[in-house]
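Peer 1: This is the structure, below, for whatever I ask next.
The values are calculated or read from the model by the stated rules, or taken from the named source; none is laboratory data. Not measured: the values here are computed from a predicted model. For neighbour counting, all protein chains shown are included, and Cβ atoms are generated from backbone atoms with ideal geometry for every residue, glycine included. SASA here: full protein model, heavy atoms, side chains in, ligands and nucleic acids out. Shrake-Rupley method; radii C 1.70, N 1.55, O 1.52, S 1.80 Å.
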Amino acid sequence: MSRALPKYNKRRVVLIGGAAAVVLSGAVIAGNALAGETSNSSGTAAKTLADPGTIVCPDVASQLPDIPASAQAEVDRNLTLLNTQIQEANTRLQDTVGQGGANFVQNAILGPLADKRTSTIDRIAIAIGRTAEKPTGLDSLAECALDAGGTATGDGAASPAGASPEATPADSASPSASAAAGDEAAGDDSAAADTSDVGTITCPDVESQLPAIPASAQDEVTRNLTLLDTQIQEANQRLVDTVGQGGANFVQNAILGPLEDKRVATINRIATAIGRTADKPTGLDSLAACTLNK
């Protein structure tokens with residue numbers, strides 16, 4: 001018995017030591033796995049934030065006809081503005097990574113940019129047309145696209161390169177995320193009810209501020225007055241369709257701002273039509289800005 005006891009003790013020490021080694025190895029492996037996961041996640045997040053893509057737009061200057069000397073300064077000013085608009089859009093693309101839903105880039109950045117470019121390009125064409133033949137078809141150069149790091153989807157949305165695709169959230173959904181999704185679905189009825197309280201966009205009346213309209217300009221003025229009403233209707237519909245999207249400034253940046261740009265261009269066409277055979281009305285641009293009333 002006295003000899004067996006030491007052997008038993010040795011076996012027990014070996015077994016305990018082996019178990020401890022297994023536990024320690026497991027802890028090391030788990031630690032390495034967690035460290036790797038954290039590193040990979042950090043790397044992915046960093047890549048997503050650093051590479052949302054670049055907005056590129058068609059070149060307008062190369063598509064212009066000969067520019068009359070009297071229009072050169074105004075054309076140059078608006079060409080510079082086009083470049084500024086692209087720079088501002090790319091800055092906003094960087095600053096808003098991860099914000100909004102699937103259509104955020106299209107609704108809050110690309111759409112408003114196209115509206116601004118349409119107005120600016122229209123001013124260029126009008127400036128040239130005052131003393132030469134007005135160029136047509138330039139509006140086709142207003143639309144821009146997300147290139148390089150960003151990948152445009154079928155509906156015009158964009159996802160930054162390296163980011164987890166938003167189209168397949170189930171791949172990375174956790175139980176708590178699934179529960180949150182369920183809660184969100186359960187709240188759809190209340191969200192639908194909220195759309196009735198989004199408010200209404202109202203704009204200053206332009207027609208009542210116009211001078212006597214020459215007969216030769218009546219059709220063009222009427223057509224553009226109708227367009228002003230259509231623009232307001234479209235903005236109010238968009239207000240309803242985008243409830244809950246974007247941040248605190250979404251309505252201003254994605255709806256009211258683009259609406260104002262459209263109205264500036266339309267009002268300018270009205271003034272130009274009148275000015276062909278009568279005194280061109282001034283100060284109508286002050287009627288372009290609209291407000292959200294709740």
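Peer 1: Mind listing just one residue for me: the one in region 44-63 that is touching a Gly at 6+ places or on another chain (Cβ under 6 Å) and of a type in the set (D, E, K, R) and, of those, modelled with the lowest pLDDT?
Peer 2: The extreme case among them is LYS47.
Here's the yes/no breakdown for (1) open to solvent by 40 Å² or more (accessible area, probe 1.4 Å); (2) under 30 Å from ALA278 (Cα atoms); (3) among the β-branched types (Val, Ile, Thr); (4) in contact with a strand residue (DSSP E or B) (Cβ under 8 Å, 6 or more places away or on another chain):
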position	(1), (2), (3), (4)
SER216	yes, yes, no, no
ILE232	no, yes, yes, yes
ASP241	yes, no, no, no
GLN245	yes, no, no, no
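Peer 1: Turning to a different aspect of this structure: Any residue in region 93-113 that is without any contact (Cβ under 8 Å) to a residue 60 or more places away in the chain and within 10 Å of ALA254 (Cβ to Cβ) sitting within a Cβ distance under 8 Å of a residue that is in a helix (DSSP H, G or I) and of a type outside the set (Gly, Ala, Ser)? List the pairs, counting only those 6 or more apart or interchain.
Peer 2: ILE109/ARG92; ILE109/LEU93
Peer 1: Follow-up question, since we're still on this one. Would you say LYS116 is basic (Lys, Arg), crowded, with 21+ Cβ neighbours inside 10 Å and either at pLDDT 85 or above or in a strand (DSSP E or B) (or both)?
Peer 2: Spelling it out, LYS116 is indeed basic (Lys, Arg), crowded, with 21+ Cβ neighbours inside 10 Å and either at pLDDT 85 or above or in a strand (DSSP E or B) (or both).
Peer 1: Still on this structure, I have one more. Within region 191-201, can one find any residue that is open to solvent by 80 Å² or more (accessible area, probe 1.4 Å), outside any strand (DSSP E or B) and modelled with pLDDT under 55?
Peer 2: yes
Peer 1: Restricting attention to region 248-261, does a residue exist that is at negative phi, over 17 Å from the mean Cα position of the chain (by Cα), β-branched (Val, Ile, Thr) and buried (at least 19 other Cβ atoms within 10 Å of the Cβ)?
Peer 2: no
Peer 1: Of the residues ARG263, ARG269, only one is within 27 Å of ASP197 (Cβ to Cβ), touching a helix residue (DSSP H, G or I) at 6+ places or on another chain (Cβ under 8 Å) and among the basic types (Lys, Arg); which?
Peer 2: When all the criteria are applied, what remains is ARG263.
Peer 1: Residues to consider are ALA248, ALA278, ALA289, ALA217; find the one that is of a type in the set (A, V, I, L, M, F, W, C), part of a loop (DSSP other than H, G, I, E, B) and over 27 Å from GLN85 (Cβ atoms).
Peer 2: ALA278
Peer 1: Counting only residues that are crowded, with 17+ Cβ neighbours inside 10 Å and either in contact with a His (Cβ under 8 Å, 6 or more places away or on another chain) or not small (Gly, Ala, Ser) (or both), how many does region 68-78 have?
Peer 2: 2
Peer 1: Of THR153, THR131, which residue is modelled with pLDDT under 50, open to solvent by 60 Å² or more (accessible area, probe 1.4 Å) and polar (S, T, N, Q)?
Peer 2: THR153
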